[in-house]
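Nothing in this text is a laboratory measurement; each read-out follows from the coordinates by a stated rule. All values derive from a computational prediction rather than experimental measurement. Cβ: placed from backbone, ideal geometry, glycine included. Neighbour counts: every protein chain shown.
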Amino acid sequence: MILFSNVIVFAGATLGGFLLTTHVPVGGALIAVLFLTVSELWEIPVALFLSERFGMIVNLFVCLFITVSGVVISQTRIWYVLVSAIPMRMMCPLLHVLPNGLAAEAGNPLLDTGVIVPGMCLSIIWFVFVTVLFLKWFERREVK
């Protein structure tokens, strides 16, 4: 589902870029779709847990807070601390777009490609961790 929605965003952004003469590298955008899909997988078990345990409204507000925090933190040196900042930070060198949506100027430190591999590794580790954690929670819940 995440891959499908990322492909739709990619198609819309590519088409919109041609119509509005905005330049987003198509090759970088294709890679960005794959990286976004992998780096956002952690959200699935977290959202399932929040929704099941606290309800949809709490889930919505927690996810909103996490996303806004990610936008703020992704532009700092501690971007790797908050998992929601990782995908936003990785998109800077791939799409040449800042987390706030503005075009990145040449020479901007956020265009450093050295954040991609650590970001992917952290995202995968976090995904495995929360999946195992919430899988245990759901298993205990089913036993009762």
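When only the Cβ of Lys, Arg, Asp and Glu is charged (+1, +1, -1, -1), the dipole of the chain relative to its Cα centre reaches about 360 debye.
Take every pair of alpha-carbon atoms less than 8 Å apart whose residues are at least six positions apart; their mean separation over the length of the chain yields a relative contact order of 24 percent. Label positions at Leu19 and Ala106, each projected 7 Å from the Cα along the C-beta direction, are separated by 3.0 nm. What spacing in nm lies between the two simple spin-label points modelled at Ser69 and Cys121, each 7 Å away from Cα in the Cβ direction? The two pseudo-label positions are separated by 2.4 nm.
Among Val130, Pro109, Gln75, flag the residue with its Cα farthest along the positive direction of the charge dipole of the range 2-143, charges on Cβ as +1 for Lys/Arg and -1 for Asp/Glu. The Cα lying farthest towards the positive end belongs to Val130. The label point for Leu133 and the one for Phe54, both projected 7 Å from the Cα toward the Cβ, are 1.3 nm apart.
Computed over every Cα-Cα pair of the chain and binned at 5 Å starting from 0, the pair-distance distribution P(r) comes out as 2, 10, 16, 20, 20, 14, 9, 5, 3, 1, 0, 0 percent.
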